[in-house]
Structure formats: structure tokens, C-alpha cells
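Student: My questions all concern the structure below.
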Amino acid sequence: MWIMGLRLGIDLDGVVADFNRGWTQAYNAGFGATLSPEMVTTWDSPVELTHFADMPSFWNWARDHGGHSVFRHLEPYPTAVETLRGLNRAGHDIVIISAKPDWAVHDTLEWLADHRIPTREIHFTDAKHGIACDVYLDDAPDQVHRIAAARSAAAVVCRFVRPWNEPVDGAIDVHDWQEFDQVVREAASVLAG
């Protein structure tokens, strides 16, 4: 049976790239702290765990680390890149949809190239719900809500379960890349009839 290729709308930070490991390591190196990624349990943890008074102060710090932003040297989550490559080999289009600040775009493009993420389509936007895809994967609480509310009836929305988000009506919970791979396979089979 032929399986139709799907458009997979994939978020980066907290999904493919381990943003919390990256920023906590940079913070520890710069300020002699002992933070770990496991300590990040809320969306505002960068303020709750550090000396920064607010998120704008945190982002101001994150934008310059030796000529690059904190986004430049993030590690991918285990099996993320391999799963994306497998999904692409299976005929699915990987559509990167990330809400990055302007100052992080070049570092993010370099990161995507370094890790050879199999994509021909990249969107830097906070309006992720406006990018038409068949399956979405995101971890940001507000983004999962907006995508689930705005998606077409045929689209599948996946919440990558993290400590900083909660279940969303209309979204499927996935806990790892293997589960996401299975969701895509099932969606493709349904469309193939």
C-alpha cells in the first residue's frame, strides 16, 4: 500500500533542540551556578531559577555568547534528528516552524545545517497556526492551544509532553520521538485509505 507523504510542522526548542540543557549549562559557566535541565518545570523557569528579574533580561543575556546566541550550540534530544531523517526518507516533508527572536535566526539556520535537519521549508513566526501542515509537534503551551484551535479538521496536533505544559483539548500527547513517529504513520495510513 502506498503511503501519502505528509507535511510535518515541527517546533525546534524543547522538541528537537534541548534548549533547557543549553541555557542552564551556559548560565552555570557564566555565573558559577549548578542548575540542571530537570529543574526547569515551568515556562518562566529562566526567571524563577536565576538572578534575572524578568524574561526580557534573560533574553538579553541569551543573545550573546561569544559572538553567537545561546541557540547556536544546543544539543539535539536523543533520537530527534534520526527520527526526522527517517520520516523524511519515508516521504514526509519536514516543515520547521519556530518562534525565534530575530537575533537568533542566523544561529538557528547554522544549527539546522550542522545537524543536517532534512528540511526545505523553515518558518520563523509566532503565528505557527497559520502554516498549513498535516501534523504538528510543539511543546509551548500557548502554541499548542492556538494550533489546536485553528487547525483544519483533518490536521493532527501533538503536544510534546514536558513539565511546563499540560494536556490540550484536540491535541495528542506524545512523550518521545518513537510515539511521534507512530502518530505520523497512523495519520499517513488514514489518509491513504
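The values are calculated or read from the model by the stated rules, or taken from the named source; none is laboratory data. Predicted, not measured: the structure shown is a model, and the values here were computed from it. Here the Cβ is made from the backbone with ideal geometry for all residues, glycine too, and neighbour counts use every protein chain on show.
Student: Tell me yes or no: at least one residue of segment 143-154 is touching a residue at least 40 places away in the same chain (Cβ under 8 Å), more than 25 Å from G91 (Cβ to Cβ) and not in a loop (DSSP other than H, G, I, E, B).
Tutor: Looking for residues that are touching a residue at least 40 places away in the same chain (Cβ under 8 Å), more than 25 Å from G91 (Cβ to Cβ) and not in a loop (DSSP other than H, G, I, E, B), one finds at least one in segment 143-154, hence yes.
Student: Report every pair of residues separated by at least 6 positions or lying on different chains whose Cβ atoms are under 6 Å apart, first residue within segment 99-110 and closer than 14 Å to W59 by Cα, second part of a loop (DSSP other than H, G, I, E, B).
Tutor: The qualifying pairs are A99/D126; W103/R63; A104/S69.
Student: Regarding S98, is this residue outside the structural domain of W61 (by TED's automatic domain parsing) and surrounded by 19 or more Cβ atoms within 10 Å (Cβ to Cβ)? It would help to see each step written out before you state the result.
Tutor: Working: outside the structural domain of W61 (by TED's automatic domain parsing): yes; surrounded by 19 or more Cβ atoms within 10 Å (Cβ to Cβ): yes.
Judged against the criteria, S98 is a match.
Student: Failed condition for T79, given (1) surrounded by fewer than 16 Cβ atoms within 10 Å (Cβ to Cβ); (2) out of contact with any helix residue (DSSP H, G or I) (no Cβ under 6 Å at 6 or more places or on another chain), with all others met?
Tutor: So the condition that T79 fails would be (2).
Student: Can you name the residue in segment 29-49 that is outside any loop (DSSP other than H, G, I, E, B) and under 23 Å from the mean Cα position of the chain (by Cα) and is also surrounded by the fewest Cβ atoms within 10 Å (Cβ to Cβ) among such residues? I'd like the intermediate steps shown before the answer.
Tutor: Just the residues of segment 29-49 that are outside any loop (DSSP other than H, G, I, E, B), to begin with: 29-31, 37-39, 45-48.
In the following step, the residues that additionally are under 23 Å from the mean Cα position of the chain (by Cα) were identified as 37-39, 45-48.
Numbers: P37: 14, E38: 10, M39: 13, S45: 19, P46: 23, V47: 16, E48: 12.
Top of the filtered list is E38.
Student: Of V161, V168, which residue is outside the structural domain of M39 (by TED's automatic domain parsing), touching a helix residue (DSSP H, G or I) at 6+ places or on another chain (Cβ under 7 Å) and either β-branched (V, I, T) or surrounded by 14 or more Cβ atoms within 10 Å (Cβ to Cβ) (or both)? Give the derivation first.
Tutor: Numbers: V161 fails: touching a helix residue (DSSP H, G or I) at 6+ places or on another chain (Cβ under 7 Å).
Result of the check over V161, V168: V168.
Student: Can we say Y77 is within 21 Å of V161 (Cα to Cα) and either aliphatic (A, V, I, L, M) or touching a residue at least 12 places away in the same chain (Cβ under 8 Å) (or both)? Lay out the reasoning, then the answer.
Tutor: Details: within 21 Å of V161 (Cα to Cα): yes; either aliphatic (A, V, I, L, M) or touching a residue at least 12 places away in the same chain (Cβ under 8 Å) (or both): yes.
When the stated conditions are applied, Y77 passes them.
Student: While we're on this one: Look at segment 101-111 and say how many of its residues are aliphatic (A, V, I, L, M) and buried (at least 17 other Cβ atoms within 10 Å of the Cβ).
Tutor: Filtering segment 101-111 for residues aliphatic (A, V, I, L, M) gives 104-105, 109.
Remaining after also requiring buried (at least 17 other Cβ atoms within 10 Å of the Cβ): 104.
The total comes to 1.
Student: Have a look at F52, F71 and point out the one that is assigned to a helix (DSSP H, G or I) and surrounded by 14 or more Cβ atoms within 10 Å (Cβ to Cβ). Spell out how you get there, then give the answer.
Tutor: Numbers: F52 fails: assigned to a helix (DSSP H, G or I).
Selected residue: F71, the only one of F52, F71 that is assigned to a helix (DSSP H, G or I) and surrounded by 14 or more Cβ atoms within 10 Å (Cβ to Cβ).
Student: Can you report the number of residues in segment 101-121 which are closer than 18 Å to E82 by Cα and among the hydrophobic types (A, V, I, L, M, F, W, C)?
Tutor: Here the count works out to 4.
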